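Working notes, structure below.
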Amino acid sequence: MRAAADTRLQAWLQAGILNHLDLYFAGLMGRLDGRPASLVPLAAALVSRWTREGHICLELERLDDSVWEGEPPVGELPPPAAWIPDLRLSKVVGRPGERRPLVLDEQGRLCMGMIRLHDIYHVDRKDTIG
């Protein structure tokens, strides 16, 4: 899955759907997550992009091609039922109130966590998360 996710993310970068910051954040979250078949890199890139667009959270259960109205198609995404169980297994995804880079609430909304840039820089240097 990691190679497929990397290919998809690169294609989205080339199409202008993602920018380099989205791609960097996805790569960092994927490395910190450490699971080879994880959806974390895709989810991180999408929530990064969604946040840049001014949204608070990405509603995973409503995630389909319609969220990219007016842009190139993003290709087939995993089904909504696959996102939440996979993300719940990740050490970089917490619940509301937990100090994690990504937060997944009970309604299936994925948000950027309340973590400072200093913390991300520090974590990136060690490639660990506590």
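Numbers at a glance
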{"quantity": "Extension gain from R35 to E59, taking 0.36 nm per residue of separation minus the Cα-Cα distance", "calculated": "6.4 nm"}
{"quantity": "Virtual paramagnetic centre 7 Å along Cα→Cβ of Q107, amide N under 18 Å, in segment 47-64", "calculated": "47, 50-51, 54-64"}
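Bear in mind these aren't lab numbers, they're just calculated from the coordinates by the rules spelled out. As the structure is a prediction and not an experimental result, all values here were calculated from the model. Because the Cβ atoms are built from the backbone with ideal geometry, glycine has one as well, and the counts that use them run over all protein chains shown.
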